1. At a temperature of 25 °C and a viscosity of 0.890 mPa s, determine how fast region 37-154 diffuses translationally according to Stokes-Einstein, using the Kirkwood radius over alpha-carbon pairs as Rh; express D in µm²/s, rounded to the nearest whole number.
2. What order do Tyr121, Tyr59 take when sorted by accessible area (1.4 Å probe), most exposed first?
3. From largest accessible area down, sort Tyr18, Tyr174; use a 1.4 Å probe on the protein chains.
4. At 1.4 Å probe size, what's the solvent-accessible area of Arg195? Round to the nearest 10 Å².
5. Can you pull out the GluC sites (Glu not before Pro) in region 120-219 whose DSSP state is coil and whose Cβ has at most 12 other Cβ atoms within 10 Å?
6. What are the ³J(HN,Hα) values, in whole Hz, obtained from phi via the Karplus relation 6.51 cos²θ - 1.76 cosθ + 1.60 with θ = phi - 60°, for each residue of region 105-114 in sequence order, with x given for Gly and Pro?
7. Pulled fully out, how much extra length does the chain show between Tyr59 and Arg97, if you take 0.36 nm times their separation in residues and subtract their Cα-Cα distance?
8. How large, in percent, is the carbon and sulfur part of the accessible surface of the chain at a probe radius of 1.4 Å?
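The values are calculated or read from the model by the stated rules, or taken from the named source; none is laboratory data. Not measured: the values here are computed from a predicted model. Ideal geometry is used to build each Cβ from the backbone, glycine not excepted, and the neighbour counts take in all protein chains shown. For the accessible areas, the whole protein counts, side chains as well, though only heavy atoms, and no ligand, DNA or RNA atoms are used. Shrake-Rupley method; radii C 1.70, N 1.55, O 1.52, S 1.80 Å.
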Amino acid sequence: MDDSQQQDQKKTPSKKKYRKDKPWDGDDVDHWKVESFKPEDNPHRLLEESSFATLFPKYREKYLQKVWSHVERALKEYGVKCELNLVEGSMAVHTTRKTWDPYIIMKARDLIKLLARSVPYEQALRVLEDNIACDIIKIKSFVRNKERFVKRRQRLIGPGGKTLKAVELLTGCYMLVQGNTVAALGNYSGLKQVRHIVEDTMKNIHPVYNIKILMIKRELMKDPSLANESWDRFLPKFKKTNVKRRKIKPKERSVFPPPPTESKVDKELASGEYFLKQRKRQKERSQSELPSKYKKRL
């Protein structure tokens, strides 16, 4: 046996010693590619009916009435039935006998959720594609104070929506900040970045820091020599700086009410001045009562 063969046997672990090469072991195969599901893949269709429903606010009623015919046409291609109930203010989707894709009902559920969250019809329809998903991030629970919550939400949008547009361009996702939630629509890796940025912003970390990191990563991706290397040395490291504030000592509060303030007479009695004044008064009174000839002597 040659030395090269002995080295190869030493390198391969005992578990994979007799493993044969598979057709998907090559570098040319993309393991992350999502294969499209066609009607031929499921000729027997679905056995059970599935349905989802969601409520929508009243101000969305007119818009949904205009757009609903387009929504029905888009879902009809996948064999999904949708209903708009204006009395109850709800939207519902159902599978039918013609439905061939088992996961399309989950996509249809996301579609009506996005329409209820004020996402435009043109953007919401993208969720029906295989490589597109949506994420509705709840941001209300991060901050209790209402004023602080509004400021941080505005920080995420930025002046004139510029910060939000920058995040959209870098992540490749559509974003909509509405009320207490942020609706995001895009590929899976982009949605992960969007959630990270939104949560950091609500935790009082400015989105500019995350945008800067994404911009550096975008430039590093262009260099194929750095594909298998760590990028930590290129990324900036931001230190958290806590501004020192004066500690205000809390005032000691007693259970009993405060003592009453001393009057002028009480103060004179405590110092003894009151009795001196009294003697002066008595002397003056006695002088006034004496005849004028005795006053001169005194």
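1. Numbers: Rh = 15.8 Å.
It diffuses with D of about 155 µm²/s by this estimate.
2. Values: Tyr121 40, Tyr59 145 Å².
Correct descending sequence by accessible area is Tyr59, Tyr121.
3. Values: Tyr18 185, Tyr174 45 Å².
Result of the area sort, largest leading: Tyr18, Tyr174.
4. Arg195 exposes around 80 Å² with every protein chain in place.
5. Working: sites: Glu122, Glu129, Glu147, Glu168, Glu199, Glu219; in loops: Glu129.
Answer in residue order: Glu129.
6. 5, 5, 5, 5, 4, 5, 4, 6, 5, 5
7. Numbers: separation 38, 0.36 × 38 = 13.68 nm, distance 3.41 nm.
Here the answer is 10.3 nm.
8. Working: 12280 of 23820 Å².
Solvent-exposed carbon and sulfur of the chain make up 52 percent of the total.
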